[in-house]
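*Asks:* Pasting a structure here, questions to come.
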Amino acid sequence: MQLEKIYEPQRFEPHWAQWWIDSGIFKVEPRPGEKYFSLVIPPPNVTGSLHMGHMLDHTLIDIAVRWHRMRGDNTLWVPGTDHAGIATQMVVERQLAEKGETRLQLGREEFEKRVWAWKDISHARITEQMKRLGSSCDWSRERFTMDEGLSRAVREAFVRLYEKGSIYRGEYMVNWCPRCQTAISDLETAHEDVQGNLWHIKYPVNGQPDRFLTVATTRPETMLGDTAVAVNPKDARYTDLHGATVRLPLMGRDIPVIFDDLADPEFGTGVVKVTPSHDPNDFDMGKRHKLPFIKVIDEQAKMTQAAGPYAGLDRFDARKAVVAELEKQGLLVKIEPYALSVAKCDRCRTIVEPLASTQWFVKTKPLADAAIAKVEAGEIEFIPANWINTWNQWMHNIRDWCISRQLWWGHRIPAWYCDNGHITVHRDDPSKCSTCGSDNLHQETDVLDTWFSSGLWPFSTLGWPDQTPDFKSFYPTTLMVTGFDILFFWVARMAMLGIEMTGEAPFRQVHLHGLVRDPHGQKMSKTKGNVMDPLTINDQFGTDAVRFALVSGAASGMDISFTTERLEAARAFATKIWNAARFLFMRMEEAGVEPHIPASCNPETIEDRWIISRLNSAAATVNKAIEQHRYHEAADTMYHFFWDDFCDWYIELKKLRADWDVILTVFEKALRLLHPVMPFITEELYQRMGPNTKSIAISAFPDAGPIDAAAEREMSLLQQIVLSARQNRADNKLDPKAQFKAKLVTSEPIYRAAIEKLANLTLEIQNETVPAGFTLTLELPEANSAALKQRLEKEALQLEKTIANSDRQLSNEAFLAKAPEKVLNEMKEKRAAYQAQLEKIRKQLQEVNS
């Protein structure tokens, strides 16, 4: 059966993508107690479609999954998507804005319908993309974070934590996004270094004319909500101010001077303003000193009525007005430039406003301690291991997690309020207040942070809280593969919630890979316009080539620079595989041999014994590399075995003497070796090898076998001789197609016909032991020798002049005294290279003259 001349992956990849699903070969049956490999997908957000980061995720996961499946493990890969509360709500709100609508106009119920409709569109697109990428999931187990079963798991987890006292409701300082209109966690803020100002403002001390306390602030607009100024109790400059008050500029109210260790005597004047409603540190001081909390900036980032004459102004407009009035009243001492870090919403890049707000929180310290202990006990392994230090640093300094979001899209918090101020938290919708029995209940309008439900993903997808066969068979999951950038967003929360809810770590290993970056090293984003659509790239280069390009650059812990050159090289490799198969099938057809997978083979010739040995070596390396998540090493090994060993040497040698059982055995095993990384082309070629080939995806992965040291040595000598002849031709600028006589001196056994064929030589062999194992001398025609001698002598003369010039400079004391060390080192390196090149030419001249 002949293959098409041109490698056109678009012709067969969609077919196999659908055939794998229709055939049901990825569907798994739970078998409690048996060896298994399980993994849940990092669920893509239903905000649009997949990007190249997803494709890297899915490719690495798919390699591990296909490898384990081929090794006989009961292998489950659970697919699914995430509702992505804030991100998806933003997408739909933008769509509404284009039509002149808002969610407030629609109302909550109608808005949720619109989001569900968008979810269906995005989910279908993402699912189709995943299937087209070859992701070998069990699609019968597909999940969504707001499925009925997963919603039940969310309620169960919330209620358990609440009943244990690990979830509480209270007023604390939160990061508030005025654009998204919700609280966000510390992890959802991006800090940006900017050049700001430090405004020094005088606060008059009451009862002491002409005495002022000067405070320095980066946010003068918040002074309108000051309820104290603080000094350090050890600061001798202010010990006389116990019980004193100052007049708050612009607002005309008296506020106390308090003594607190948080005031740094070394910073500025040692006096700090205290605004409990608008600064995390001030919030804590306000609680300690029982200060009033005055909110002067609201959720829209506008000044409240408490801001007096500045009410209604945008916070930054108010800043300008406040500074102008302070200057007018002579209370502004100075303005100095000041570098500061501004927190922005990671989603919309709006500057975050610290606000005191009543929210729901999780006490994370006990959960974090349990997760730290699992890592220390080796029950969770990080790959690469250096992430443990980052993990420990963050987990040991963890703060309580604000889990409530002022959104409409997401899991409603299962808490109900009655008119008497009681809270009822329940797994099911209650009919009466659990405290007073009132039937006048209304549910909390806030939804849960997306990462709360995502944190349950490894076990909620398997049917928890029920002890389902899936949960018993596949939990804890074996591996988690994800980008390092969501180590704390997601991995930490999965670890904490998994241990708390099930008693076990939700995964045994966490492989944290790098990010896919553009050719300039920039992170891909829509705003930068450097995003690549996986399907577009796959259509252009072929999915296998894109997968191989990603994997070959995915060194552990390193980001991937995704370039066209990398893609073209990967496509060239796929074409090489295709052309090798086409050549073999054509030769088989000419020889009257039907395509088949031999039951066995008997390698006897040097090249057969060698290629089996090389295949065994490659299988050993690939198995170990995939097991240790060094996927780039596995890809590199596959590449060199197939391109170098199999195509460039073995196939060329088999043109001299064919043994189809050995050739086909090696080719078929090579396809299996390649399959986890390049599933489409390997399935296509595997299916062409005979009628009894159900799918390469469920065939056995090649095991490591014995190394034939004698064959490796003999073949290595053959290769060295051929390469020496080719290098000799190149060095002497000889016609690569012209046949020359040559004298080969060696006492080693050699495959003469192969050397003569591959090196295009006629050999005279002298059986004699030489130090390097062999010497090879080409006998050139007289005309060639004369021309070669003339050229070599000219090159030698030029090099001698260049070296002499270098020696003069390097022996010049004045030059040596002034020249930078880097320049001198470069000159010495070049001089050494020139000398090596001259020695090589002199050796060639000796051979020509002999």
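*Asks:* Output the qualifying pairs, or none if there are none: Cβ atoms under 7 angstrom, residues six or more apart or on different chains, first residue in segment 289-300 and of a type outside the set (D, E, K, R), second residue modelled with pLDDT of 95 or more and in a strand (DSSP E or B).
*Replies:* Final answer for the pair search is His289/Ala228; His289/Ile258; Leu291/Ala228; Leu291/Val274; Val296/Met303; Ile297/Met303.
*Asks:* Here's something else I'd like to know. May I ask you to verify whether Ala625 is surrounded by fewer than 16 Cβ atoms within 10 Å (Cβ to Cβ) and either among the small types (Gly, Ala, Ser) or in a helix (DSSP H, G or I) (or both)? Working first, answer last.
*Replies:* On the way: surrounded by fewer than 16 Cβ atoms within 10 Å (Cβ to Cβ): no; either among the small types (Gly, Ala, Ser) or in a helix (DSSP H, G or I) (or both): yes.
In short, no.
*Asks:* Separate question: Taking the residues in segment 191-215 that are open to solvent by less than 20 Å² (accessible area, probe 1.4 Å) and either of a type in the set (Gly, Ala, Ser) or closer than 19 Å to Pro354 by Cβ (or both) as candidates, determine which candidate is nearest to the chain's Cα centre (by Cα).
*Replies:* Going residue by residue through segment 191-215, those that are open to solvent by less than 20 Å² (accessible area, probe 1.4 Å) are 196, 198, 200-201, 203, 205, 213, 215.
When the remaining residues are screened for being either of a type in the set (Gly, Ala, Ser) or closer than 19 Å to Pro354 by Cβ (or both), the result is 196, 198, 215.
Values: Gly196: 34, Leu198: 39, Val215: 45 Å.
Filtering segment 191-215 for residues that are open to solvent by less than 20 Å² (accessible area, probe 1.4 Å) and either of a type in the set (Gly, Ala, Ser) or closer than 19 Å to Pro354 by Cβ (or both), the one nearest to the chain's Cα centre (by Cα) comes out as Gly196.
*Asks:* Testing Arg657 on (1) at pLDDT below 95; (2) within 23 Å of Ala574 (Cα to Cα); (3) not hydrophobic (A, V, I, L, M, F, W, C), one condition comes back false. Which one is that?
*Replies:* (2)
*Asks:* Would you confirm whether or not segment 607-615 contains a residue that is in contact (Cβ under 8 Å) with a residue 12 or more places away in the chain and under 17 Å from the mean Cα position of the chain (by Cα)?
*Replies:* No: zero hits.
*Asks:* Filter segment 294-344 down to residues that are out of contact with any helix residue (DSSP H, G or I) (no Cβ under 6 Å at 6 or more places or on another chain) and aromatic (Phe, Trp, Tyr) and give me whichever is farthest from Leu248 (Cα to Cα).
*Replies:* Across segment 294-344, the extreme among qualifying residues is Tyr338.
*Asks:* For a quick check of your reading of the model, give me the residue pairs whose first member lies in segment 687-714 and is more than 23 Å from His596 (Cα to Cα), whose second is open to solvent by 10 Å² or more (accessible area, probe 1.4 Å) and in a loop (DSSP other than H, G, I, E, B), with beta-carbon atoms closer than 9 Å and at least 6 apart or on different chains.
*Replies:* Qualifying pairs under 9 Å: Asp708/Pro603; Ala711/Pro603; Arg713/Glu748; Glu714/Glu748; Glu714/Pro749; Glu714/Ile750; Glu714/Tyr751.
*Asks:* I'd like to verify a number: residues in segment 344-390 that are over 25 Å from Tyr172 (Cβ atoms) and part of a helix (DSSP H, G or I), how many? Walk me through how you get there before you give the answer.
*Replies:* Of all residues in segment 344-390, those over 25 Å from Tyr172 (Cβ atoms) come to 373-390.
Cutting the leftovers down to part of a helix (DSSP H, G or I) gives us 373-376, 387-390.
The total comes to 8.
*Asks:* In segment 114-159, how many residues are open to solvent by 60 Å² or more (accessible area, probe 1.4 Å) and touching an Asp or Glu at 6+ places or on another chain (Cβ under 8 Å)?
*Replies:* 0
*Asks:* Return the residue satisfying two criteria in turn: it lies in segment 27-41 and is surrounded by fewer than 22 Cβ atoms within 10 Å (Cβ to Cβ) and touching a helix residue (DSSP H, G or I) at 6+ places or on another chain (Cβ under 7 Å), and of such residues it is modelled with the lowest pLDDT.
*Replies:* Pro32
*Asks:* Residues in segment 219-237: is at least one surrounded by fewer than 22 Cβ atoms within 10 Å (Cβ to Cβ) and free of Cβ contacts under 8 Å to residues at least 24 places away in the same chain?
*Replies:* There is at least one residue in segment 219-237 that is surrounded by fewer than 22 Cβ atoms within 10 Å (Cβ to Cβ) and free of Cβ contacts under 8 Å to residues at least 24 places away in the same chain.
*Asks:* May I ask you to say which residue of Gln844, Gln790 is out of contact with any Ser or Thr (no Cβ under 9 Å at 6 or more places or on another chain) and open to solvent by 60 Å² or more (accessible area, probe 1.4 Å)?
*Replies:* The unique qualifying residue is Gln790.
*Asks:* While we're on this one: Every residue in segment 87-129 that is in contact (Cβ under 8 Å) with a residue 60 or more places away in the chain and among the acidic types (Asp, Glu), please. Give the derivation first.
*Replies:* Of the residues in segment 87-129, the ones in contact (Cβ under 8 Å) with a residue 60 or more places away in the chain are 87-90, 92, 103, 108, 111-112, 115, 118-119, 122-123, 125-126, 129.
Answer for segment 87-129, where residues must be in contact (Cβ under 8 Å) with a residue 60 or more places away in the chain and among the acidic types (Asp, Glu): just Glu112.
*Asks:* Collect the residues in segment 630-686 that are more than 12 Å from Ile597 (Cα to Cα) and of a type in the set (Phe, Trp, Tyr), keeping them in residue-number order.
*Replies:* Across segment 630-686, the qualifying residues are Tyr631, Tyr639, Phe641, Phe642, Trp643, Phe646, Trp649, Tyr650, Phe680.
*Asks:* Condition first: outside any loop (DSSP other than H, G, I, E, B) and either in contact with a helix residue (DSSP H, G or I) (Cβ under 8 Å, 6 or more places away or on another chain) or open to solvent by 60 Å² or more (accessible area, probe 1.4 Å) (or both). Can you find one or more residues in segment 593-601 that meet it?
*Replies:* no
*Asks:* Quick one: which of Asp282, Asp317 is in a helix (DSSP H, G or I) and open to solvent by less than 50 Å² (accessible area, probe 1.4 Å)?
*Replies:* Numbers: Asp317 fails: open to solvent by less than 50 Å² (accessible area, probe 1.4 Å).
Only one candidate passes the filter, namely Asp282.
*Asks:* Tell me which of these Gly421 doesn't satisfy, since it passes every other one: (1) open to solvent by less than 40 Å² (accessible area, probe 1.4 Å); (2) without any contact (Cβ under 8 Å) to a residue 12 or more places away in the chain; (3) of a type outside the set (A, V, I, L, M, F, W, C); (4) under 29 Å from Leu355 (Cβ atoms).
*Replies:* Here Gly421 clears every test but (1).
*Asks:* Here is a follow-up. Could you tell me which numbered condition Thr693 fails, if it satisfies all but one of (1) in a helix (DSSP H, G or I); (2) surrounded by fewer than 21 Cβ atoms within 10 Å (Cβ to Cβ); (3) among the polar types (S, T, N, Q)?
*Replies:* (1)
*Asks:* Given (1) exposed (fewer than 13 other Cβ atoms within 10 Å of the Cβ); (2) free of Cβ contacts under 8 Å to residues at least 60 places away in the same chain, identify the lone condition not met by Phe740.
*Replies:* (1)
*Asks:* Specify the residue that is surrounded by the fewest Cβ atoms within 10 Å (Cβ to Cβ); the eligible residues are those in segment 56-88 that are among the polar types (S, T, N, Q) and touching a strand residue (DSSP E or B) at 6+ places or on another chain (Cβ under 9 Å).
*Replies:* Step one: of segment 56-88, the residues among the polar types (S, T, N, Q) are 59, 74-75, 81, 88.
Still in the running and touching a strand residue (DSSP E or B) at 6+ places or on another chain (Cβ under 9 Å): 74-75, 81, 88.
Numbers: Asn74: 17, Thr75: 23, Thr81: 22, Thr88: 23.
Checked segment 56-88; the qualifying residue surrounded by the fewest Cβ atoms within 10 Å (Cβ to Cβ) is Asn74.
*Asks:* Restricting to strands (runs of 3 or more DSSP E) lying wholly in segment 223-265: which have 2 or more residues that are among the acidic types (Asp, Glu)?
*Replies:* On the way: elements: 228-231, 245-248, 253-259.
No strands (runs of 3 or more DSSP E) qualify here.
*Asks:* Taking Gln720 as the residue in question, decide whether it is open to solvent by 20 Å² or more (accessible area, probe 1.4 Å) and under 22 Å from Lys576 (Cβ atoms).
*Replies:* Numbers: open to solvent by 20 Å² or more (accessible area, probe 1.4 Å): yes; under 22 Å from Lys576 (Cβ atoms): no.
Considered against the rule, which asks whether it is open to solvent by 20 Å² or more (accessible area, probe 1.4 Å) and under 22 Å from Lys576 (Cβ atoms), Gln720 comes out as no.
*Asks:* Being surrounded by fewer than 19 Cβ atoms within 10 Å (Cβ to Cβ) and charged (D, E, K, R) is the filter; apply it to segment 700-713 and report the residue that is farthest from Thr746 (Cα to Cα).
*Replies:* Selected residue: Asp703.
*Asks:* Now, a different point. Take the residues in segment 391-412 that are among the aromatic types (Phe, Trp, Tyr) and assigned to a helix (DSSP H, G or I); name whichever of them is surrounded by the most Cβ atoms within 10 Å (Cβ to Cβ).
*Replies:* The first filter runs over segment 391-412 and keeps only residues among the aromatic types (Phe, Trp, Tyr), leaving 391, 394, 401, 408-409.
Narrowing the set further to residues that are assigned to a helix (DSSP H, G or I) leaves 391, 394.
Working: Trp391: 23, Trp394: 14.
Out of the qualifying residues, it is Trp391.
*Asks:* Mind checking which residues of segment 444-499 are over 19 Å from Thr75 (Cβ atoms) and among the aliphatic types (A, V, I, L, M)?
*Replies:* Val447, Leu448, Leu456, Ile486, Leu487, Val491, Ala492, Met494, Ala495, Met496, Leu497, Ile499
*Asks:* Another question about this same structure. Kindly state which helices (runs of 4 or more DSSP H) lie completely within segment 469-583 and contain at least 2 residues that are under 22 Å from the mean Cα position of the chain (by Cα) and closer than 30 Å to Glu156 by Cα.
*Replies:* Working: elements: 469-474, 492-502, 534-541, 543-552.
It comes to 492-502.
*Asks:* Does any residue of segment 42-52 turn out to be farther than 20 Å from Arg132 by Cβ and open to solvent by 10 Å² or more (accessible area, probe 1.4 Å)? Please lay out each step first, then the result.
*Replies:* Step one: filter segment 42-52 for residues farther than 20 Å from Arg132 by Cβ, giving none.
No, there is no match, as no residue in segment 42-52 is farther than 20 Å from Arg132 by Cβ and open to solvent by 10 Å² or more (accessible area, probe 1.4 Å).
*Asks:* Right, here's the next one. Can you tell me how many residues within segment 468-483 are in contact with a helix residue (DSSP H, G or I) (Cβ under 7 Å, 6 or more places away or on another chain) and touching a residue at least 40 places away in the same chain (Cβ under 8 Å)? If you could, list the steps in order and put the result at the bottom.
*Replies:* Going residue by residue through segment 468-483, those that are in contact with a helix residue (DSSP H, G or I) (Cβ under 7 Å, 6 or more places away or on another chain) are 471, 475, 477, 479-483.
Cutting the leftovers down to touching a residue at least 40 places away in the same chain (Cβ under 8 Å) gives us 475, 477, 479-483.
Residues flagged as in contact with a helix residue (DSSP H, G or I) (Cβ under 7 Å, 6 or more places away or on another chain) and touching a residue at least 40 places away in the same chain (Cβ under 8 Å) within segment 468-483 amount to 7.
The values are calculated or read from the model by the stated rules, or taken from the named source; none is laboratory data. Note that the structure is a prediction, hence the values are computed from the model and not measured. Don't worry about glycine lacking a Cβ; one is built from the backbone with ideal geometry, like all the others, and counts go over all protein chains shown. Side chains are part of the model used for accessible areas, which takes the heavy atoms of the whole protein and leaves out ligands, DNA and RNA. Shrake-Rupley method; radii C 1.70, N 1.55, O 1.52, S 1.80 Å.
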